[in-house]
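Below is one structure, written out as C-alpha cells; comments come after it.
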Amino acid sequence: MKISDNYQNGIPGFRSVPLTGVIYVMNRAMQEGYSYGNNQWFNLGQGAPETGVLAGAPKRIKNVKINYELCEYGPVAGTTELRKAVADFYNKTFRKNKRSKYSYRNVAISGGGRAGLARIASAFGGINLGHFIPDYTAYEELLSVFKAFNPIPILLDQNNGYQISISDLQKEIYGRGLSALLVSNPSNPTGRHIIGSELAQWVALASEAHCTFVFDEFYSHYVFSKTDNPLNIVSAAEYIEDVNKDPIVIIDGLTKNWRYPGWRISWTLAPEKVIESITSAGSFLDGGANHILQKAAISLLDTKNVQQETRAIQTVFKKKRNIAVKKLRQLGFVIDSEPQGSFYVFARLDKLPRSLRDGMTLFEKGLEEKVITVPGQFFDVNPGKRRQDIHSQYKNYTRISFGPNLRSVQGGLAALQRVIAKHI
C-alpha cells in the first residue's frame, strides 16, 4: 500500500468512504435541483415507504410527549418496556403454539436498521459470512469495514427468479465453510421472498449446519401473496423451535413495516447470549436508540394496530406494484422476477434503446426529466472491492421504487416514458 492510499484529500489517516447507492443518487439529484417535498420531481429511487395516511390504516402519531426523565440516556439494549412489547408481539403473532417464547432478554433496540446490523457485524468472530448477490446496497460497506470475518458472496441466478434451492444452499454453507449467512427477506432489490415450508426448511438448515442465519425482515409486511400467518406477515420467528438455542437472528423495526423511517427505531431478536454480545457492541458503536421515541413506539406494536396497518400497506402497495410492473413492461423493461414483496422492481434494460441500456446512464438521463432511479450496479454487493467492477452482473439493471405515493409513482413512470421517447 502506498502512503497516499491512507490519505483522503490530503488529510492524513482518512480513507475515501463510498456513499451507499440510494444516498449517492439522492446527492446527485440534489445537485440538479431535487429537494424533499418538491412536487416537480419523482423519486423512484426512494428507499422508504410513503409516510402519510393510508385508507384503512390506523391514525398516524403526530405528537410525542416529552418529560424530563426521557431526556436522560436510555439503556443501550433499549427500554425494558419496549423490549417486552416486541417480544410479546412476536409471541402472539408467530409463537402461540410454541413452548419456547421470546422474553425481553431476547430483544435489543437500536437506532435504525443500519445500527442494528452494525452491532451484529461487529459481534461476529473470525468466520466466513455468506451473503447473496444482488442485495441491499448498504451491506457492501458494512461487510467491508469489520475485519473480523470474511464476506463470501453467493450469486443468485436471475433465470431462476433469484431463488436458491435448499440443497444448493446447503452445499454453499458446507462447501464455503460458512458460520453465518445474511438474508434479506423479502429481498431488496428483487422482491423475492421466502415463506411457508421453504422458510421452515431454511430455519431447520441453520441448526443442522451450525450456521447462524441473520434475517433482515424490514420488508416482512410487504407481502403480496397469501401466507399461513393471520396477519399475512412473514418471519423466521414462526419456525424457530427454541429461541435460545436455534441460531436465528432477526432484525426489523418501524422504518418500513410501520412507515416511520425517521424515528430510527429497530430491534434485534436472538438467543440471549447473542443479545448480550450485540448490546456490548452497541455500548461503543452507538450508545442506544432514541429514548423518547422508544416509549411512543410501544403502542404501535398493538396487534390490532399492526393488523390494520399491514392490511392497508398490502392493499395500497400491491396496487402500486401492479401499476409499476405493467407500465415498465410496456416501456420495454425486462422483469426477471415480479416482486413478491418489498416495494421495488429490479429490471433489466437490454430491451431499451441502446443508449439507455446502462443503469447509470438511465439514471443520469432520468435527472433531465426530474425522475430518480437507482443503477443496478449498486446492488452487486462487493465488500472490499475484491471483484473487478468489469465483472458486475448488474450494470444493465435498474431498481424502480413504488415506495412513494401513487401520484409520484405514476408521474415517475411517465417521466421514464419521456426519457425513452427521446432516445428512440
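Of the residues making up region 329-345, those that are under 20 Å from SER225 (Cβ atoms), outside any strand (DSSP E or B) and of a type outside the set (Asp, Glu) number 7. For VAL76, the stated conditions hold: it is of a type in the set (Val, Ile, Thr), assigned to a loop (DSSP other than H, G, I, E, B), more than 20 Å from the chain's Cα centre (by Cα) and at pLDDT 95 or above. Across region 260-297, the number of residues qualifying as under 21 Å from ALA237 (Cα atoms) and either outside the structural domain of SER100 (by TED's automatic domain parsing) or crowded, with 20+ Cβ neighbours inside 10 Å (or both) comes to 12. Checking each residue in region 349-365 for being within 23 Å of ASN322 (Cα to Cα) and free of Cβ contacts under 8 Å to residues at least 60 places away in the same chain picks out LEU349, ASP350, LYS351, GLY359, LEU362. Screening the candidates LEU155, LEU181 for the property of being out of contact with any Gly (no Cβ under 9 Å at 6 or more places or on another chain) and either more than 23 Å from THR227 (Cα to Cα) or modelled with pLDDT under 95 (or both) yields one hit, LEU155. Of all residues in region 36-46, those that are assigned to a loop (DSSP other than H, G, I, E, B) and either modelled with pLDDT of 95 or more or in contact with a His (Cβ under 8 Å, 6 or more places away or on another chain) (or both) total 4.
Residues that are closer than 26 Å to ALA206 by Cβ and not small (Gly, Ala, Ser) within region 268-300 comprise THR268, LEU269, PRO271, GLU272, LYS273, VAL274, ILE275, GLU276, ILE278, THR279, LEU285, listed in sequence order.
Filtering region 86-110 to residues that are within 15 Å of GLU238 (Cα to Cα) and aromatic (Phe, Trp, Tyr) leaves PHE89, TYR90, PHE94, TYR102. Got at least one residue in region 47-69 being outside any loop (DSSP other than H, G, I, E, B) and in contact with a strand residue (DSSP E or B) (Cβ under 9 Å, 6 or more places away or on another chain)? Within region 47-69 (the criterion being outside any loop (DSSP other than H, G, I, E, B) and in contact with a strand residue (DSSP E or B) (Cβ under 9 Å, 6 or more places away or on another chain)), the answer is no, since none of the residues qualifies. Scanning region 84-116 for residues that are crowded, with 18+ Cβ neighbours inside 10 Å and assigned to a loop (DSSP other than H, G, I, E, B) yields ARG95, TYR102, GLY111, GLY112.
Note on region 232-259: residues that are surrounded by fewer than 20 Cβ atoms within 10 Å (Cβ to Cβ) and either of a type in the set (Gly, Ala, Ser) or more than 24 Å from GLU208 (Cα to Cα) (or both) total 1. So for region 259-267 (the condition being of a type in the set (S, T, N, Q) and within 30 Å of GLN393 (Cα to Cα)), does at least one residue qualify? The answer is no; no qualifying residue exists.
Among the residues of region 170-199, the ones that are closer than 25 Å to ARG119 by Cα, assigned to a loop (DSSP other than H, G, I, E, B) and small (Gly, Ala, Ser) come to 2 in all. Scanning region 154-169 for residues that are buried (at least 16 other Cβ atoms within 10 Å of the Cβ) and either β-branched (Val, Ile, Thr) or touching a helix residue (DSSP H, G or I) at 6+ places or on another chain (Cβ under 8 Å) (or both) turns up ILE154, ILE164, LEU169. Determine whether region 209-227 contains at least one residue that is assigned to a helix (DSSP H, G or I), touching a strand residue (DSSP E or B) at 6+ places or on another chain (Cβ under 9 Å) and surrounded by 24 or more Cβ atoms within 10 Å (Cβ to Cβ). No; the residues of region 209-227 include none that is assigned to a helix (DSSP H, G or I), touching a strand residue (DSSP E or B) at 6+ places or on another chain (Cβ under 9 Å) and surrounded by 24 or more Cβ atoms within 10 Å (Cβ to Cβ).
Looking across region 124-158, the residues that are of a type in the set (A, V, I, L, M) and within 23 Å of LEU254 (Cα to Cα) come down to ALA138, LEU142.
The values are calculated or read from the model by the stated rules, or taken from the named source; none is laboratory data. Computed from a prediction, not measured in an experiment: that's the story for all the values here. Quick reminder, even Gly has a Cβ in these numbers, built from the backbone with ideal geometry, and neighbours come from all protein chains shown.
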